[in-house]
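Q: Let me give you the structure first, and then I'll get to my questions.
The values are calculated or read from the model by the stated rules, or taken from the named source; none is laboratory data. Predicted model only: the values in this text are computed from it and were never measured. Cβ atoms come from the backbone with ideal geometry, glycine included; neighbour counts cover every protein chain shown. The area values use the complete protein model at the heavy-atom level, side chains included, leaving out ligands, DNA and RNA. Shrake-Rupley method; radii C 1.70, N 1.55, O 1.52, S 1.80 Å.
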Amino acid sequence: MSEAATDRPIRVLLADDQHLVRTGFRVILEVEDDLEVVGEAADGERAVTMTRVLRPDVVLMDVEMPGVDGLAATRRITAEQEGPGGPAVLILTTFDRDDYLFAALRAGASGFLLKNGTPEALVEAIRVLARGDGLLAPELTRRVIATFARPGEAAGTAVSAEAALNELTPREREVLVLVARGASNGEIAAELHLGEATVKTHVSRVLAKLGLRDRVQAVVFAYEHGVVRPGG
């Protein structure tokens, strides 16, 4: 996932099969001094190719597109990343469906928003992802916590996950639990009586040890592997 340099705009690639939708997104984004639309793709295959060539900071990805859809394109884009610094994928769809949400997260998307949101929410989401953080629309977070982890879904990776978790210090595990419950760095700092800079360091170490890209992936990991449980 990319953290855009402070001396240049955040580079955004638009991937949507509807020309009018892409034009509307471009209009919204290009009035912002810190955002630059570097390309447009009308299908998932083109989105993958343009991501390789243009190296955007954020890919704004529709789900339903002809040929290679947005979920398959997201899997390919994130699979090609070699460590931190690759493009972050923000899924933006009109379809309020749990299967899309969960598939997007498992594909490696760093954010998921519905198209009925405001332009301001879209702009802020892109900035959040460009900073290296993950994002879910507030109305989606509770559904992830309540229903994402189902018994047996992560069985194939249970051994490697347990080994990775054992690498965490007790403090890092505390931080992971709080991240999974949706706490911000400031809230974690208050809960654990630490400075925010220290919390940020702990979060970075947790992500590195678990091989995760961002906080969204940490939430998914924690619930899938029983670190935290809905209602716990």
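Q: Among the residues that make up the range 113-128, is at least one of them surrounded by 20 or more Cβ atoms within 10 Å (Cβ to Cβ), in contact (Cβ under 8 Å) with a residue 12 or more places away in the chain, closer than 19 Å to D34 by Cα and not aromatic (F, W, Y)?
A: Scanning the range 113-128, I find at least one residue that is surrounded by 20 or more Cβ atoms within 10 Å (Cβ to Cβ), in contact (Cβ under 8 Å) with a residue 12 or more places away in the chain, closer than 19 Å to D34 by Cα and not aromatic (F, W, Y), so the answer is yes.
Q: Restricted to the range 51-77, and to residues that are open to solvent by 20 Å² or more (accessible area, probe 1.4 Å) and touching a strand residue (DSSP E or B) at 6+ places or on another chain (Cβ under 9 Å), which residue is nearest to L212 (Cα to Cα)?
A: Applying the filter and picking the extreme gives R55.
Q: For the range 158-187, which positions are among the polar types (S, T, N, Q), exposed (fewer than 15 other Cβ atoms within 10 Å of the Cβ) and in a helix (DSSP H, G or I)?
A: Listed by number, the residues that qualify are S160, N166.
Q: Also: Return a yes/no flag: does the range 139-151 have any residue that is at pLDDT 90 or above and touching an Asp or Glu at 6+ places or on another chain (Cβ under 7 Å).
A: No, there is no match, as no residue in the range 139-151 is at pLDDT 90 or above and touching an Asp or Glu at 6+ places or on another chain (Cβ under 7 Å).
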